[in-house]
Amino acid sequence: MSDARSKRRAGVSQKRPTILRCVKTRLSILALVCCLSAASAHAREVIHKGDVAVVPVRGEIARSLLAFLRRAVKTAESNEASAIVFEMNTYGGRLDAASDIVNALNQTKIPTYTFIDTNAGSAGAIIAIATQHIFMAPVSAIGAAAPILPTGEDIPSTQKEKTISYWSALVRGAAIKNGHDPDVAEAFMNKDKEVKIDDRVVHPKGSVLTLNAQEATERINGKPLLAEGITDSIGDLTKKAGLKGNVVTIEPTGFEQIAFWITALAPLLLLGGILGAYLEFKIPGVTWPGIISAICFALFFLGHYLAGLAGWEVVALFILGVVLVLIEILFFAHSTIVFGVVGVFLMLASLLWTMIDRYPGQNFFPTGKMLAVPLLNMFIAIIGSFVIIAVLARYLPRTSIYRRFALMDSNPPGPSLAGVPRQFATALALAAGTQGTAVTVLRPSGKARFADHVVDVVTEGEFIAPQTPVTVIQTDGMRVVVKSAAQA
């Protein structure tokens, strides 16, 4: 009896170091990435209450710019800056990226300014319209926002009509919200739009509107056509606009250049993390699946943190969930599921929370629109994981790679099992009470020998060491349930 118990303890002790080893590996990788993130965050500019936050908008308006602008807006608002000034010099870019940036600007609760330093063309003009105040350098221009194909060619007529109709409505709405003339905003992209103020035709039909600094600041009926004034610099702008406080420029970090690509790959990173965790526990003793899983989850959290979508609290929530699952496996296996269920729930909640784009001042509970993309990413990852895990569960045990690593950890020292015939349990008359010997560690599944046959068996939750006598207590199709002969 005591010998059997000592062997069972040996089986448990073999499992725990394996789990603890892979957990230690994952947590060390997470800690390393978190340290890198902390260093990046520490290097960011410090904004105090009342400061004027300057955000550069340079080069092409692309999806990669969105992560930086989102983080900048949230940082300025969270630290109660007195205003945000977008220092713009761009010939334009992607309209879909501009649309998301306009949506981000619409969430702000503090005054927004655009300083056009040379150019605000195409998508840049749309972003400028989404701010409340526009100032321009002496030699600068804004406009020419007509949509075209990425190749530079004109859009086909039917598609062009739909595109212009949609974007005209969008820029008109942004202009009205921010106190600009909606006709001027629409004329930036629609060549058939006439701009008429009272009896004066400011811009006739036939071409898209582009304004230089002098034209944009022309006052008609005591109100500027678009821009409030001409300034030489950000400092000059703050004086003319009456903005007080220190001017702090928010620059993009190196990591933010790749943050968009990481967030775009969120479903694949989740899929890699889940599959890596599955393989780590499926093939005990092999550390590379655990390392891949840790890297995938670390990149997932890091990318969303740098994109301004998540903070450290979601990482803490995820780690707490992992700890609860490990407590379930190590200490309460097959006796309670509370720790495991709560742990899995916390892990899924943290992953979902990470992907939700919430702005300061919004309600804690997300809206359906805010949940749409995160839920889609989660659905893709989970369904993809189930499908791949089902395939792996069926075919992985037949591969040489699995046998190489699984048998290395599970088989006891001694003669090889090669050549020993394997049969399914249903091919043998294994009635309750049949005596046999555990060939591998049963934790709780493994292999046992009955007469000249080695079959797959499972216990009711206990761990049984190799070479321990076992007794069949139940058979159900191909499932053979055994327990230690000493307890039978």
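Among LYS74/LYS191; LYS177/LYS244; LYS109/LYS196; LYS162/LYS205; LYS74/LYS193; LYS160/LYS196, which pairs are too far apart, with a Cα-Cα distance over 30 Å?
Numbers: LYS74/LYS191 36 Å; LYS177/LYS244 25 Å; LYS109/LYS196 32 Å; LYS162/LYS205 19 Å; LYS74/LYS193 35 Å; LYS160/LYS196 24 Å.
Those over the limit are LYS74/LYS191; LYS109/LYS196; LYS74/LYS193.
At LEU371 and VAL201, where each label point lies 7 Å from the Cα along Cα→Cβ, what is the point-to-point distance in nanometres?
Here the modelled spin labels are 5.4 nm apart.
Tell me the label-point distance for the pair THR471, PHE331, using the 7 Å Cα-to-Cβ offset, in nm and rounded to one decimal.
Result for the modelled spin labels: 3.3 nm.
Mind ordering 46-53, 159-166 by average Cβ neighbours within 10 Å, highest first?
Details: 46-53: 16.9, 159-166: 13.4.
With the highest mean Cβ count within 10 Å placed first, the list reads 46-53, 159-166.
Determine by what factor the alpha-carbon radius of gyration of region 59-105 differs from 2.2 N^0.38 Å, reporting the quotient.
Values: Rg = 11.1 Å, N = 47, 2.2 N^0.38 = 9.5 Å.
It is 1.17.
When the C-alpha atoms of region 158-202 are aligned to their principal axes, what extent does each axis show, in angstrom, from largest down?
Dimensions of region 158-202 along the principal axes of its Cα atoms: 33, 22, 11 Å.
Would you please put 457-467, 382-392, 113-123 in order of how densely packed they are, using the mean number of other Cβ atoms within 10 angstrom per residue and starting with the highest?
The densest-packed peptide leads the list: 113-123, 457-467, 382-392.
Once fully extended, how much extra length lies between PHE281 and ASP96, figured as 0.36 nm per residue of separation less the alpha-carbon to alpha-carbon distance? Present the calculation step by step, with values, prior to reporting the outcome.
Working: separation 185, 0.36 × 185 = 66.60 nm, distance 4.25 nm.
Gain on extension, PHE281 to ASP96, equals 62.4 nm.
Can you pull a Stokes-Einstein diffusion coefficient for region 204-252 at 20 °C (1.002 mPa s), Rh from Kirkwood over Cα pairs, as a whole number of µm²/s?
Working: Rh = 13.3 Å.
The estimated diffusion coefficient comes to 161 µm²/s.
For region 434-488, what D do you get in µm² per second when you plug the Kirkwood radius from alpha-carbon pairs into Stokes-Einstein at 37 °C and 0.692 mPa s? Let's see the in-between values first.
Numbers: Rh = 10.5 Å.
The calculation lands on 313 µm²/s.
Evaluate the Debye formula for region 73-183 with equal point scatterers sitting on the alpha carbons, no solvent, and hand back log10 of I(q)/I(0) at q = 0.11 Å⁻¹, in q order, two decimals.
So the normalised log intensities are -0.36.
Sorted by mean Cβ packing within 10 Å, highest first, what order do the peptides 231-243, 72-84 take?
Details: 231-243: 16.0, 72-84: 21.1.
Packing proxy ranking, top to bottom: 72-84, 231-243.
Throughout, read-outs are computed from the coordinates displayed, never taken from laboratory work. Note that this is a predicted model, so its numbers are computed, not measured. No Cβ is skipped: glycine too gets one built from the backbone with ideal geometry, and neighbour counts run over all protein chains shown.
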